[in-house]
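Presented below is the structure to which this report refers.
None of the figures in this text is laboratory data; all of them are computed from the coordinates on show. Computed from a predicted model, the values in this text were never measured in an experiment. Cβ placement follows ideal geometry from the backbone for every residue including glycine, while neighbour counts extend to all protein chains displayed.
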Amino acid sequence: MVIVAGHIIVEPAQRESYLAGCVAVVEQARRTYGCIDFAISADLIDPSRINVYEQWTSQSAVEAFRGDGPSDDQSAAMLSAAVAEYDVVARRMLSGG
């Protein structure tokens with residue numbers, strides 16, 4: 001399993017439009033083979049921060065979806081980004097299924 005997690009920083013005034021532009025990406029990801037979970041969301045405290053969380057069955061699934069990465073408009077709106085991939089070797093369920 002692969003987890004992709006981190007955050008993106010945008011101008012606070014652009015955050016809502018950035019997130020609106022991500023709706024189709026989230027929908028597409030969630031329909032993609034190998035996607036377990038995919039979320040891009042506004043941070044509850046920092047008005048410039050967008051949180052990223054992805055969970056995939058494998059590295060090949062991540063790479064097949066990722067393609068060329070963010071669109072040019074999305075890249076231009078990013079002031080900075082700190083997103084990393086993690087290879088998960090074990091999982092402990094805390095709740096749910």
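Annotations
- Most fluctuating residue given options G21, G67, G34, as computed from a GNM of the chain linking Cα atoms under 10 Å: G67
- Angle between the chain longest axis and helix 15-31 axis [Cα atoms, degrees, rounded to 10]: 20
- Sum of side-chain charges, D87 neighbourhood, beta-carbon under 15 Å (Lys, Arg +1; Asp, Glu -1): -2
- Cα-centred dipole magnitude for the chain, charges only on beta-carbon of K, R (+1) and D, E (-1), debye, nearest 20: 380
- Gaussian network model of the chain, springs between alpha carbon atoms under 10 Å - residue of A77, A20, A29 with greatest fluctuation: A20
- Options [x] 89; [y] 142; [z] 110 - which one matches volume of the Cα convex hull per residue in Å³ as calculated here: [z]
- Derived scalar couplings ³J(HN,Hα) [the stretch 81-91; Karplus, 6.51 cos²θ - 1.76 cosθ + 1.60; whole Hz; x for Gly, Pro]: 8, 9, 10, 9, 9, 10, 8, 9, 9, 8, 9
- Between V83 and H7, the built amide H atoms are under 5 Å apart, and every one of these is 5 or more places off in sequence or on another chain.
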